[in-house]
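Reviewing the structure listed below.
The values are calculated or read from the model by the stated rules, or taken from the named source; none is laboratory data. Quick caveat: nothing in here was measured; it's all calculated off a predicted structure. When we count neighbours, we look across all protein chains shown, and the Cβ atoms used for this are built from the backbone with ideal geometry, even at glycine. Just so you know, the surface numbers come from the protein's heavy atoms only, side chains and all, with ligands and any DNA or RNA stripped out. Shrake-Rupley method; radii C 1.70, N 1.55, O 1.52, S 1.80 Å.
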Amino acid sequence: MGWSGVGGGHGSRHPADTSSSSSFPTPRPTLGLDQTYYGQVLKKSADLQTNACVTAARPVPKHIRKALQNVHEEVSLRYYGCGLVIPECLENCWILDLGSGSGRDCYALSQLVGEKGHVTGVDMTEGQVEVANKYIDYHMEKYGFRTPNVTFIHGYIEKLGEAGIKNESYDIVISNCVINLVPDKQQVLQEVYRVLKHGGELYFSDVYASLELPEEIRTHKVLWGECLGGALYWKDLAILAREIGFSPPRLVAANFITIQNKELESVVGDCRFVSATFRLFKLSKTGPTKRCKVIYNGGITGHEKELIFDVNFTFKKDETVEVDEETAAILKNSRFTQDFLIRPIEEKLPICGGYTALETKDKITDPFKLAEESDSAKSRSSPDVAGGCCGTKKC
Ligand SMILES: C[S@@+](CC[C@H](N)C(=O)[O-])C[C@H]1O[C@@H](n2cnc3c(N)ncnc32)[C@H](O)[C@@H]1O
């Protein structure tokens, strides 16, 4: 395992930490990022030196586009995410956003979970939390909710207990371009595992490196702040997930990151970066699950015709799909179970739609491979089709 534990486990200050004191009540021995970077250095997405924080990975479904358009302009202008962290099947869910910034994803999600659901955002930068808090009434009025269903907390995502987040209290945890900024990634993922309910998922976009980063890149202040210096070597995610107890990472989307600055390019050298979205599930230990046949009923809002679960599995309404043990376990034990008929592989099912047998070829798990495929698909199609926008003014 590369350096994912650097800093946090050794009691040293991270090199990117230039703050002399923190306004946060609990003094911390380590701090991955100077809090002023997202509070004062950057004022809007356009101030970034790379496209890491505004990369759009895939087309955005209409209902999500609409939810994003309803977010207040000041909140959207301070959006620094690197992917779309809005999963499916959200009604009434409790969602926690790690490093929620000005709250763009929280506000889009608060509309989609509905008044009976709840969204909590946690961020260490006071200025960002202030912007987020400023617009609670605006959004609740816009959505017609009598009781606010969103809360923003000033805190650290490696210390969710200190922020008052209880064990097994959330259905979904999301995070958009934040975990790279935390030196102790293992601690963050462990906290996520603790606060997720059984069957819950971490659905997150972040930056990954094609190799284990040399010290020169890791300790470069601008590269750190721009979400590249702290990027995890992509293969380490699966190792961390397994150690903590999550199911293996499911790749949803990936895009190459380009650096628009010659000096930074020369520091980075041969290393490549992608922004990628993965989903990790916390499953109850119910013993081994077998391969299954599944049929999606089309019941998920905004995904009535098909559910694109990840790059390897798409479920079209009423079609029978053979799935491997791992996918069967996720569908059986998560919030998706209500929208699937799940049967043993040997059982005969009435065939009303199509039939997809389990493919023997290797599944795509490498975000760099996926980013290459997306690039060549984009160059073959028109910009309108391939574009996909995160809903920021910049895109
Ligand atoms: C690249 S911005 C992304 C913000 C937000 N997710 C978005 O999409 O606009 C990174 C955010 O993570 C926050 N952050 C970084 N390290 C953190 C930590 N250890 N605990 C809490 N927040 C953190 C920063 O304050 C900043 O708001």
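State the number of residues belonging to segment 137-168 that are in contact with a helix residue (DSSP H, G or I) (Cβ under 9 Å, 6 or more places away or on another chain), away from the ligand (no atom under 14 Å from the Cβ), open to solvent by 30 Å² or more (accessible area, probe 1.4 Å) and of a type outside the set (Phe, Trp, Tyr).
Residues meeting the conditions: 8.
Please verify whether Val75 is of a type in the set (Val, Ile, Thr) and touching a residue at least 40 places away in the same chain (Cβ under 8 Å), treating the condition exactly as stated.
Working: of a type in the set (Val, Ile, Thr): yes; touching a residue at least 40 places away in the same chain (Cβ under 8 Å): yes.
So Val75 passes the test.
Take Lys221 and tell me if it is open to solvent by 10 Å² or more (accessible area, probe 1.4 Å) and modelled with pLDDT under 95.
Details: open to solvent by 10 Å² or more (accessible area, probe 1.4 Å): yes; modelled with pLDDT under 95: yes.
Yes; evaluated as a whole, the condition is true for this residue.
Looking at segment 343-365, can you tell me whether even one residue there is within 20 Å of the chain's Cα centre (by Cα) and open to solvent by less than 90 Å² (accessible area, probe 1.4 Å)?
To start, the set of residues in segment 343-365 that are within 20 Å of the chain's Cα centre (by Cα) comprises 364-365.
From what's left, open to solvent by less than 90 Å² (accessible area, probe 1.4 Å): 364-365.
Taking every residue of segment 343-365 in turn, at least one turns out to be within 20 Å of the chain's Cα centre (by Cα) and open to solvent by less than 90 Å² (accessible area, probe 1.4 Å).
Assess whether Asp206 counts as being acidic (Asp, Glu), within 14 Å of the ligand (Cβ to nearest atom), in the same structural domain as Val274 (by TED's automatic domain parsing) and under 10 Å from the mean Cα position of the chain (by Cα). Give the steps one after another, and end with the answer.
Details: acidic (Asp, Glu): yes; within 14 Å of the ligand (Cβ to nearest atom): yes; in the same structural domain as Val274 (by TED's automatic domain parsing): yes; under 10 Å from the mean Cα position of the chain (by Cα): yes.
Yes.
Of all residues in segment 86-102, how many are more than 8 Å from the ligand (Cβ to nearest atom) and not in a strand (DSSP E or B)?
Of the residues in segment 86-102, the ones more than 8 Å from the ligand (Cβ to nearest atom) are 86-96.
If we keep only those that are not in a strand (DSSP E or B) as well, we get 86-93.
Number of matching residues: 8.
Collect the residues in segment 293-312 that are surrounded by fewer than 19 Cβ atoms within 10 Å (Cβ to Cβ) and either assigned by TED's automatic domain parsing to the domain that holds Val60 or among the hydrophobic types (A, V, I, L, M, F, W, C) (or both), keeping them in residue-number order.
If the condition is that a residue be surrounded by fewer than 19 Cβ atoms within 10 Å (Cβ to Cβ) and either assigned by TED's automatic domain parsing to the domain that holds Val60 or among the hydrophobic types (A, V, I, L, M, F, W, C) (or both), then Ile308 is the only one that fits.
Test Glu215 against the stated conditions and say whether it is within 10 Å of the ligand (Cβ to nearest atom) and charged (D, E, K, R). Even if it seems obvious, please write down each step before you answer.
Values: within 10 Å of the ligand (Cβ to nearest atom): no; charged (D, E, K, R): yes.
The answer is no for Glu215.
Which of the residues spanning segment 254-292 are part of a strand (DSSP E or B) and open to solvent by 20 Å² or more (accessible area, probe 1.4 Å)?
Answer for segment 254-292, where residues must be part of a strand (DSSP E or B) and open to solvent by 20 Å² or more (accessible area, probe 1.4 Å): Phe256, Ile259.
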